[in-house]
Amino acid sequence: MQRSHSKPRVKKLVPSLGVSDIQRSMAFYSDFFGFEVVDSYENDDGETVWCWLRAGVGELMLQQLDEEQQITLHPAIGQSWALYLRPDDLGDTHMRLRSSGADVSDLEMTGYGARECFVTDPDGYELWLSEPEAGLGPDDEDDDPEDDDVEPASIH
């Protein structure tokens, strides 16, 4: 009898972004998208150099890069991607981003029925903010995780 081999499955995918000012980035993701710290690492001087953030089912890691690690000219093709975020209230989020002076595009309706805009975070990462038309898929359901075992810490 031949055994079937199951393929490995990914249980979670968490983007990790290298940033030039981790405090500024933590504040940006907290203020506009409600991310909270669930874990962090501080250096010997007590400065945060890495953190894990969570907002609903969305998770993101940030890592402080030193000047030598920061890419400033012509990013590599592997960096030409966007993070997709689905805020609770796209209109309110868009208004707050625009009021803050963030580099955010106009809200537009797409041919597939979603309202969308793009915003650049403080380090130049492109965020794709979208509010899909109701009924387009499983992400239309309530996304609050039920089995979180880590309590978020506050961002300072």
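Some notes on this structure:
- Checklist (1) modelled with pLDDT of 95 or more; (2) farther than 30 Å from residue 134 by Cα applied to residue 67, failing item: (1)
- Some residue of the range 130-147 being closer than 26 Å to residue 17 by Cβ and at pLDDT 90 or above: yes
- Within the range 1-52, tally of residues that are hydroxyl-bearing (Ser, Thr, Tyr), at pLDDT below 95 and closer than 30 Å to residue 99 by Cα: 2
- The range 13-47 - residue that is in a loop (DSSP other than H, G, I, E, B) and touching a strand residue (DSSP E or B) at 6+ places or on another chain (Cβ under 7 Å) and, of those, farthest from residue 124 (Cα to Cα): 43
- Count - residues of the range 113-127 that are loosely packed, with under 15 Cβ neighbours inside 10 Å and aromatic (Phe, Trp, Tyr): 0
The values are calculated or read from the model by the stated rules, or taken from the named source; none is laboratory data. Quick caveat, the model's predicted, so the values are computed rather than measured. Please note: Cβ atoms are built from the backbone with ideal geometry, for glycine as well, and neighbour counts cover all protein chains shown.
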